[in-house]
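The values are calculated or read from the model by the stated rules, or taken from the named source; none is laboratory data. These numbers come from a predicted model, not from an experiment. Every residue, glycine among them, receives a Cβ derived from its backbone with ideal geometry; neighbour counts consider all protein chains shown. Surface areas here come from the heavy atoms of the whole protein model, side chains and all, with no ligands, DNA or RNA. Shrake-Rupley method; radii C 1.70, N 1.55, O 1.52, S 1.80 Å.
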Amino acid sequence: MKLTRRNLMLGAMGSAAMLSFPIKGHTEETFNFITPFSLSLAFAPVIYADAAGYYAEEGLSMNLQAGKGAALAAQMTIAGQMDSGRTGGTNYIVSRVNNDAPLISIATIAQRSPFFVLSSTDNPVNEISDLEGRTVGMASLGGSMEGTLDLMMSGAGVSPDTVEKVKVADSAASFALIEAGRAGAFLGNTSSMIIASSARDDVNVMPIDDGMPGQVYVARPDQIAENPKKFVAFLRATHRAASEIVTTGDLQPILRTIGEKHEVTGLNNLETAQKDLRTNAENWASKGNDNILRNVPEVWEKAVGLLADAKLIDRKVPATELYTNELLDQALKA
């Protein structure tokens, strides 16, 4: 499907009349959603919304799938096997601009990069240029982690080709590869960083801030046009869950609710799990509570400029063509 400005507007927005109908009380319909990796607290907004029954209240039966990489999550959404998927902002923009991927961002869940560079305190990585000549482990190649790494290295004036990238599990256990000398660093998400650094005192952590929308929910414009109410309902329930996590002081009841329905990495230690969930929630609300799930225009405008300057996209496009907030706005009116 060739993505044009006309198709984008039709698909993402739908008609105002269609969006205005509430979904509550309707017969349940399935919503298929895919996470980029196995279930962790990084994906708590959808996991908790499902476990707490928020999707069911909106008339949705959630089919939650754990993927094997951000690129695959996007591909399955393109193929129509999923209604929506979570992928990296960098990866999405590059695919959309360079390959005309028939997707649009309907929400930004991680407002900044959720990734961290983990290294040994004996041989730490304290800035991106320290990665030159090292082997770097990451959960997937060709996905959002690799895209983030390439962008950061290019911005630091270091060729991404100077790093040997290897695929490893996105888990705290992969830190052992660094100790064994098989990797000079490990690129992990918030959950694996929290678990690794809580379990041992020889982990050096370097946050990544690449100026990009960290993680986004994408969908096909034509599928949105066919049933916009379903996507509005999805965002309403997801926003409810994310906002509750962000504003709740005691996260243990939420963690227990999640654990009653889903097997999630890290739930066996409630103290670490609370720290994990709290750190993720700080990212979701890092642009303010009013911007939870919102595609923040200034961030997207800057992102396009950064990617164009780094020559990671073929051309500079209007940032507003890459996302829509119309569905979220409608969800929050109810």
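List of remarks:
- Pairs with Cβ under 7 Å, 6+ apart, first in segment 294-316 and more than 16 Å from Ser154 (Cβ to Cβ), second open to solvent by 30 Å² or more (accessible area, probe 1.4 Å): Val296/Lys287
- Residue satisfying condition, being touching a helix residue (DSSP H, G or I) at 6+ places or on another chain (Cβ under 8 Å) and at pLDDT below 95, within set Ala285, Ala331, Ala273: Ala273
- Selection count where residues are open to solvent by less than 40 Å² (accessible area, probe 1.4 Å) and under 19 Å from Leu103 (Cβ atoms), scope segment 285-307: 8
- Some residue of segment 104-124 being open to solvent by less than 20 Å² (accessible area, probe 1.4 Å), among the aliphatic types (A, V, I, L, M) and not in a strand (DSSP E or B): no
- Taken over segment 269-283, the criterion of being within 17 Å of Ala110 (Cβ to Cβ) and either of a type in the set (S, T, N, Q) or not in a helix (DSSP H, G or I) (or both) is satisfied by Thr279, Asn280, Asn283.
- Considering each residue of segment 69-82 in turn, none proves to be under 24 Å from Val299 (Cα atoms), in contact with a helix residue (DSSP H, G or I) (Cβ under 8 Å, 6 or more places away or on another chain) and modelled with pLDDT of 95 or more.
- Here Ala199 clears all of (1) farther than 20 Å from Thr35 by Cα; (2) in contact with a helix residue (DSSP H, G or I) (Cβ under 8 Å, 6 or more places away or on another chain); (3) modelled with pLDDT of 80 or more; (4) open to solvent by 30 Å² or more (accessible area, probe 1.4 Å) except the condition numbered (3).
- Scanning segment 132-154 for residues that are touching a helix residue (DSSP H, G or I) at 6+ places or on another chain (Cβ under 7 Å) and assigned to a helix (DSSP H, G or I) yields Ser144, Gly147, Thr148, Leu149, Asp150, Leu151, Met152, Met153, Ser154.
- Matching option when the condition is open to solvent by 30 Å² or more (accessible area, probe 1.4 Å), at pLDDT below 95 and under 26 Å from Asn91 (Cα atoms), among Thr320, Thr279: Thr279
- Single unsatisfied condition, Gly249 versus (1) open to solvent by 40 Å² or more (accessible area, probe 1.4 Å); (2) over 30 Å from Glu28 (Cβ atoms); (3) in a helix (DSSP H, G or I): (3)
- If the condition is being open to solvent by 20 Å² or more (accessible area, probe 1.4 Å) and not β-branched (Val, Ile, Thr), then segment 125-140 contributes Asn126, Glu127, Ser129, Asp130, Glu132, Gly133, Arg134.
- Single residue of segment 253-268 satisfying the filter (part of a loop (DSSP other than H, G, I, E, B) and open to solvent by less than 70 Å² (accessible area, probe 1.4 Å)) that is farthest from Ser192 (Cα to Cα): His262
- Check on Ile78, open to solvent by 40 Å² or more (accessible area, probe 1.4 Å) and in contact with a Pro (Cβ under 7 Å, 6 or more places away or on another chain): yes
- Residue ID - modelled with the lowest pLDDT, chosen from residues in segment 141-173 that are crowded, with 23+ Cβ neighbours inside 10 Å and polar (S, T, N, Q): Ser144
- Scanning segment 35-64 for residues that are more than 21 Å from Asp276 (Cα to Cα) and of a type in the set (S, T, N, Q) returns Ser61, Asn63.
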